[in-house]
Amino acid sequence: MKINLFATLCTWIVFPGVIFPVSVSGGFPTTLNLHRAIPLNDRVEVSQLRAHDRARHGRALQSINGVVDFPVAGTYNPYRVGLYYTKVQLGSPAQEFNVQIDTGSDVLWVGCSGCTGCPGTTGLQDIQLSEFNPSSSSSASVISCSDKRCKMGAQYADSLCDNSNNCAYQFQYGDGSGTQGYYVADLLHLETIVGDTQSSNNSAKVIFGCSMSQTGDLTKTERAVDGIFGFGQQALSVVTQLSSQGITPAAFSHCLSGDGNGGGIMVIGSIVEPGIVYTPLVPSMPHYNLYLQSIAVNGQKLAIDSSVFTTSTNAGTIIDSGTTLAYLAEEAYDPFVSAISTVVSQSQSVRPLLSRGNTCYLITSSVDDVFPQVNLNFAGGASMVLKPRDYLLEQNSIAGAAVWCMGFQKMDGQGLTILGDLVLKDKVIVYDLANQRIGWVNYDCSQSVNVSTSTGSNSNTYVNTGQLSNSISSMNPSYTKILIVVLVMLASLMYI
């Protein structure tokens, strides 16, 4: 099978695109409550974060009165090399799996019985790894090579036939790791929360990958999970599978908290908050590419040729919550760092230094008081405002002075810019796939949000979600859950 890699950025891969019917008993947005899993005192070096990101780059319902709660654990924190993962239930009877949430890929896949190289244990707290066995599920069906959905996948070189005439896949990642297996159709169970504590169960039949082999970093146990839950925009994404049948809106959103407690919210649906600005997605790209036009530091536009941000098969700007740090195209990086250093050079409380080749600063005052605001300016007049903590990382301290290092890294030899969680935190980010645009607004992600549950012409139903209760879901009682309050708003209120 020919492996589709994203041009010269060898750590990106194009995942399958297959369209198929989905059935479900009701429509819903899907809400994921995010929590820390890595201890706060587990610090790592920036060089380790860069290595971690390189590996992550490689992997690279109708209207109802409730939402579906995915109990989510994990952490965003650039010092802890964390990840976010959720619990999904598959098959009949339902079996639970811990899968990484990844907006940089499309496929939901889990390790299956007989898998070679799939980890049996994990260093993540409070979880046990599992394997899926299609023969033990009364609702499972293996996708055959003759299935039209397999043939559609073959158009993208994302499916092939194995020796048992099953529709198979093979994903090779740029860090040397990989996975291969076959496609299965089975029930995805979803717990719908109505009001304060009432719940009901729904299920939708989806196609997902059944992994029979893993190699490289996927075999390591430190942060091992059962698989990956891709939130990309290709046809095999669960988001696309559900929205293509009008079951959910063709949108999802997240809000990652950057404070010491971490956490946040992720929903299938559009978070609706005042002040959200939108910019168009670059069409026909396998990832979430945007038109970055310029960068301003302290209100001054940097002298960077606009061609540096031009999108091509191996260049452009990608927004990816699966990346911990942020990366600037090589020709934009030096002007960016130089402009920031020039501003802070006027302050007696800041002294520049190098730490393992990374630009750092020794600071004796508040970082928010001395470092400038940065604006990333996109097509359509949308500007993303970055505070100092959105581009700097607090590394350690020396004699009582804090050491903050540049969180943006140089993409050596490439014209690629990747905006990871360092930039995305403390913002509502909306992926409006129906209208091919992404929006954002700065936000306190510990607060509740309004989420649109509308599909089609129904545009007046909202869900208000927040992290208020730990008694809603029985799927994972060890993690704090969200309290979901359903509000049905009159159409006239939409225009007040």
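The values are calculated or read from the model by the stated rules, or taken from the named source; none is laboratory data. Quantities reported herein were computed from a predicted structural model and do not represent experimental measurements. A quick note on method: Cβ atoms are made from the backbone with ideal geometry, for glycine too, and the neighbour counts reach across all protein chains shown. Note: areas computed on protein heavy atoms with side chains; ligands, DNA, RNA excluded. Shrake-Rupley method; radii C 1.70, N 1.55, O 1.52, S 1.80 Å.
Binning at 10 angstrom from zero up to the longest distance, how are the C-alpha pair distances of the stretch 320-436 distributed in percent?
12, 43, 32, 10, 2, 0
Using the Kirkwood formula over every pair of different C-alpha atoms, what hydrodynamic radius in Å results for the stretch 193-349?
Result for the stretch 193-349 stands at 20.1 Å.
Hey, got the dipole for the stretch 312-381? About the Cα centre, +1 on K and R Cβ, -1 on D and E Cβ, debye to the nearest 20?
Details: 2 positive and 6 negative charges, 40 e Å.
With only Lys, Arg, Asp and Glu charged at Cβ, the dipole is about 200 debye.
Run the simple label-point estimate for Q128 and V277 please: 7 Å along Cα→C-beta, distance reported in nm.
Roughly 5.1 nm, to one decimal.
So for the stretch 217-268, considering every pair of alpha-carbon atoms, how many percent are separated by more than 17 Å?
56 percent
Find which of V277, G264, F252 sits farthest along the positive direction of the dipole of the stretch 252-356, computed with +1 on the beta-carbon of Lys and Arg, -1 on that of Asp and Glu, about the Cα centre.
G264
Determine ³J(HN,Hα), in whole Hz, for all residues of the stretch 342-349 in sequence, where each value follows from phi through the Karplus function 6.51 cos²θ - 1.76 cosθ + 1.60 and θ = phi - 60°; x replaces Gly and Pro.
Each residue's phi maps through the Karplus curve to give 5, 5, 7, 5, 7, 9, 6, 8 Hz.
Given N residues in the stretch 361-419, what is Rg(Cα) / (2.2 N^0.38 Å)?
With N residues counted in the stretch 361-419, Rg over 2.2 N^0.38 Å equals 1.37.
Please identify the trypsin sites (Lys or Arg not before Pro) of the stretch 206-308 that satisfy two criteria: DSSP loop assignment and at most 16 other Cβ atoms within 10 Å. Which are they?
Values: sites: K220, R223, K301; in loops: K220, R223.
Qualifying residues, ordered by number: K220.
For the stretch 301-370, treating each Cα as an identical point scatterer without solvent, what Debye log10 I(q)/I(0) comes out at q = 0.14, 0.19 1/Å?
Rounded to two decimals, the profile gives -0.60, -0.95.
Tell me, what is the FRET efficiency for D369 and T116 to the nearest 0.05, using R0 = 45 angstrom and their Cβ-Cβ distance as r? The partial results should precede the final answer.
Values: r = 55 Å, r/R0 = 1.22.
Step by step, r from the Cβ atoms, then E = 0.25.
Considering just Cα atoms, how many Å³ per residue does the convex hull of the stretch 242-315 enclose?
Dividing the Cα hull volume of the stretch 242-315 by its residues yields 171 Å³.
Based on Cβ point charges of +1 for Lys and Arg and -1 for Asp and Glu, what charge dipole magnitude is obtained for the stretch 178-334 about its Cα centre, in debye rounded to the nearest 20?
Working: 4 positive and 13 negative charges, 67 e Å.
Charge dipole of the stretch 178-334: 320 debye, to the nearest 20.
Residue-wise, which Karplus ³J(HN,Hα) couplings in Hz belong to the stretch 398-408, taking 6.51 cos²θ - 1.76 cosθ + 1.60, θ = phi - 60°, and x for glycine or proline?
10, 6, x, 9, 7, 9, 10, 10, 5, x, 6
Leaving ligands, DNA and RNA out of it, rank V441, V430 by accessible area with a 1.4 Å probe, largest first. If you can, show how the numbers build up before the last one.
Details: V441 25, V430 0 Å².
Result of the area sort, largest leading: V441, V430.
Under a straight-distance cross-link criterion of Cα-Cα below 24 Å, which lysines are reachable from K387, leaving out those fewer than 8 residues away in the same chain?
By straight Cα distance, K387 reaches K301, K410, K425, K427.
For L292, which sequence-distant residues (separation of 5 or more, or a different chain) have an amide H within less than 5 Å of its own amide H, given hydrogens modelled in the peptide plane?
Residues meeting the criterion, in which the H sits 1.01 Å from N, are T317.
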